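**Student:** Handing you a structure now.
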Amino acid sequence: MTCTGPTSPPPLRILDWEGWGRAPAGFGWAMLYAYPLLQPDTAARVRAAFPVLGSPDTLATEATVCAMLLQTVDRGDNLVLADELGTWAADPWRRSPSS
């Protein structure tokens, strides 16, 4: 079976092709959340699937992911996400499902 993209053959697993090794708690989930921000229903499903997002344990991680992606915007990548990333970065407590 040929596999394309950051997934594995069944059983499906999401793989991180950008970096290997340890990362702060929730890093991969925050990345997974960030990219569908233009599709609010999908972003909400990601957040619901990983309830640790928005918790005090991952707020710094989410801010890091957001800052990393905003840097890519500054370099001319991910321009379509610029406004959504700015909104996400503006108020960390807004990210919390309990608020």
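The values are calculated or read from the model by the stated rules, or taken from the named source; none is laboratory data. Since we're looking at a predicted model, the values are computed, not measured. Heads up, the Cβs are rebuilt from the backbone with ideal geometry, glycines too, and the neighbour counts pull from every protein chain shown. Remember, those area values only see protein heavy atoms, side chains included, never the ligands or the DNA or RNA. Shrake-Rupley method; radii C 1.70, N 1.55, O 1.52, S 1.80 Å.
**Student:** Could we say that Leu79 is without any contact (Cβ under 8 Å) to a residue 12 or more places away in the chain and not charged (D, E, K, R) here?
**Tutor:** yes
**Student:** Can you find a residue in the stretch 54-64 that is open to solvent by less than 60 Å² (accessible area, probe 1.4 Å), at pLDDT 90 or above and of a type outside the set (Ser, Thr, Tyr)?
**Tutor:** Yes, the conditions are met somewhere in the stretch 54-64.
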